[in-house]
Amino acid sequence: MALVLGLDIGTTSTIGILVETGSGEAGGSVLALASRPVRLFSPHPGWAEEDPAEWWANVCALVPQLLAESGVRAEDIACIGVGGMLPAIVLLDARGEVLRPSIQQSDGRSGAEVAELATELDPAAFLARTGNGINQQLAAPRLRWIARHEPGVFGRIATVMGSYDWINFRLTGRRAVEQNWALEAGLTDLATHRIAEDLVALTGLPRSAVPERVESTALHGRVTAEAALATGLAEGTPVVGGAADFIASALVAGVTAPGDVLLKFGGSVDILTASATARPDPRLFLDYHLIPGVYVPNGCMSTGGSALNWFAATFACGIETDGGNRHQALDRLAAAVPAGAEGLTVLPYFLGEKTPLHDPAARGVFEGLTLSHGLGHLWRALLESYAFAIRHHLEVMSAVGHTPRRFLASDGGSNSAVWMQIVADVIGEPVAVPGGHPGTCLGAAWTAAMGTGAASDWGGVAGFVTPGPTFRPDARNRDRYDAAYRRFRKLYPRIYCP
């Protein structure tokens, strides 16, 4: 048995977990779990930024809280794993200071640079080589945007890395990027699994600006004396490479075999499945599973919980919560509205859209709004829009050759019974919500445990999770949702592709 710390540098919150691993193949137990909010800034249409200093401040506050709640001594923590959103862009100068707010994975400002890159390269050849298409997720168009609009910042860039890479840097003093950040940033040659100099050159930066690539389970470094003083951790504690948030969450949920699908309802909505082979497709992203030799083709929307939070804060300030929160109060209103929201259709492209559209210029739309619609209709239509987008992704996955057959749901949005029932009805499949699934932080902790030998079986993480509710599709809503889905699919091309 060993004590392991997991951290999740998420879009809407920073979460920490302290676990004790079990013996043999057994999972173990959660000793403490805590979180702190994170602010997302969108100062211009399509922008999504955060302040990395807020992530670090949260880590420095969470660690002492976890230690106090668990009664564990910092010296007894065997290792640390950090996960986070992917692929956020953090820029450092030569001294290691952050140059500007992070550019988040949901940011859609670089549409012109994406188009520019597509004219310079053979899109099919780039897809085959890197595993991912030419889209706004790549590092190259975002860094070209910086060069064009913030040349003073661009000229000072010494290092580019991801969100959890930066936390690892603060903990250990070592600059490195985890394997999935390097892959989704479009800097990895899929055949060699190495960062390629000519791919880095597309960013306009020298090869030295991208640190070495590390495996998720590889030793990243050890906690420095400075980091120990700031966080309360023990100097010398091992820190592993880390994990992309949705991959870590998928591991915990049980997505390990082809056909397993995780619907992750965090700051964005992600749709992931496991695959024994890499099948690059421009409509999807491709990542490595934490389990060696397994791939995770996936879709990621630009928004999800972030848009629900925005809606609740903007339009439901005065709603009666009856002791709960605004989301729960809105769910109660939505539950009283018929499936299909009585003709109201939403395109949830509030920050542009990533998969499968890859259109940073798309925007959110409420279509069919009448004076007969109320707040419950708006909220239900918003929830339904993400379910329709999930169905769209599943159709793409099937067309690529993946066969989704078992559906699991995780993260904060999966706590909404109203939303999960809508999803089950729209996709026409049961959706199981594992109990006791704390999200990315547990997957990050287990990655550290596997990397340092504190655990010996990837499947052991399942011991932390218990069976939860399963939402089964209501056949009475099938025809209504089929019609609503057709309206949803026709709306985007009607507005944006006339």
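With a sphere of radius 11 Å drawn around the Cβ of Tyr481, what net charge do the other residues whose Cβ falls strictly inside it have (Lys, Arg +1; Asp, Glu -1)?
+1
What does the net charge come to around His149 if you take all other residues with beta carbon closer than 12 Å to its beta carbon, with K and R at +1 and D and E at -1?
Details: positive: Arg100, Arg109, Arg142, Arg144, Arg148; negative: Glu113, Glu150.
Counting the neighbours of His149, the net charge comes to +3.
Between Asp287 and residues 5 or more places away or on another chain, which pairs have amide H atoms under 5 Å apart, with H built 1.01 Å from N, and which residues are they?
Here Val296, Asn298 satisfy the definition.
Rounded to the nearest 0.05, what FRET efficiency do Arg73 and Asp457 have when you use their Cβ-Cβ distance and R0 = 30 Å?
For R0 = 30 Å, the calculated efficiency reads 0.65.
Could you check the simple spin-label distance between Ser208 and Ser29, using points 7 Å along Cα→Cβ, in nm with one decimal?
Output for this residue pair reads 5.2 nm.
Please work out the FRET efficiency for the pair Arg494 and Arg406, using the Cβ-Cβ distance as r and a Förster radius of 30 Å; give the result to the nearest 0.05. Intermediate results must be reported in sequence, preceding the final value.
Values: r = 34 Å, r/R0 = 1.15.
Efficiency, from the Cβ-Cβ distance: 0.30.
Specify which residue in the list Val214, Ile77, Gly155 is farthest towards the positive end of the charge dipole of the range 3-246, using unit charges on the beta carbon of Lys, Arg (+1) and Asp, Glu (-1), about the Cα centre.
Gly155
Looking only at Cα atoms, what is the convex hull volume of the chain per residue, in Å³? Can you show the working numbers first?
Details: hull volume 68.9 nm³, N = 498.
About 138 Å³ per residue, rounded to a whole number.
Report the net charge of residues surrounding Pro404, where surrounding means a beta-carbon distance below 9 angstrom and charges are Lys +1, Arg +1, Asp -1, Glu -1. Can you show the working numbers first?
Numbers: positive: Arg405, Arg406; negative: Asp260, Glu429.
Net local charge, Pro404 excluded: 0.
Any number yet on Rg/Rh for the range 330-424, C-alpha, Kirkwood?
Details: Rg = 14.3 Å, Rh = 14.5 Å.
Ratio of gyration radius to Kirkwood radius for the range 330-424: 0.99.
Average the reciprocal distances over every distinct pair of alpha-carbons in the range 3-246, invert the result, and give the Kirkwood radius in Å. Walk me through the numbers before you get to the answer.
Details: mean 1/r = 0.0540 Å⁻¹.
With all distinct Cα pairs of the range 3-246 included, I get 18.5 Å.
Let me have the 222 nm mean residue ellipticity of the chain computed from DSSP H runs of 4+ only, each contributing -39500 (n - 2.57), with the sum over all residues rounded to the nearest 500. Before the final figure, lay out each step's value.
On the way: 16 runs with 179 residues, N = 498.
Estimated from H runs of four or more residues: -11000 deg cm²/dmol.
Sorting check: for 409-418, 486-495, which peptide has the highest mean count of neighbouring beta carbons within 10 Å, and how do the rest follow? All intermediate terms of the calculation are to be shown ahead of the outcome.
Values: 409-418: 22.4, 486-495: 14.7.
Output ranking for 409-418, 486-495: 409-418, 486-495.
At 24 angstrom or more along the helix axis (alpha-carbon based) and mean Kyte-Doolittle of 0.0 or higher, what helices does the chain contain? Whole DSSP H runs only. Please list the in-between numbers first.
Details: long enough: 52-70 (27 Å, 0.51); 375-400 (38 Å, 0.54); 478-496 (28 Å, -1.58).
Correct list, ordered by number: 52-70, 375-400.
Is there a quick way to get the dipole size of the chain? I mean about its Cα centre, with the Cβ of Lys and Arg at +1 and of Asp and Glu at -1; what is the value in debye to the nearest 20?
Numbers: 38 positive and 49 negative charges, 179 e Å.
Charge dipole of the chain: 860 debye, to the nearest 20.
Percent antiparallel among DSSP beta bridges with both residues in the chain, to the nearest 5? The partial results should precede the final answer.
Values: 49 of 71 bridges.
Of the beta bridges lying entirely in the chain, close to 70 percent run antiparallel.
What is the gain in length, in nm to one decimal, between Thr470 and Thr277 on full extension, counting 0.36 nm per residue of separation less the C-alpha to C-alpha distance? Provide the component values of the computation, followed by the final result.
Values: separation 193, 0.36 × 193 = 69.48 nm, distance 2.94 nm.
Taking 0.36 nm per residue and subtracting the Cα distance, the gain is 66.5 nm.
Each value in this text was obtained by applying a stated rule to the coordinates, not by laboratory testing. The shown structure was predicted, so the numbers you read here are calculated from the model rather than taken from an experiment. Counting neighbours? That spans all protein chains shown, and the Cβs are built from the backbone with ideal geometry, glycine included.
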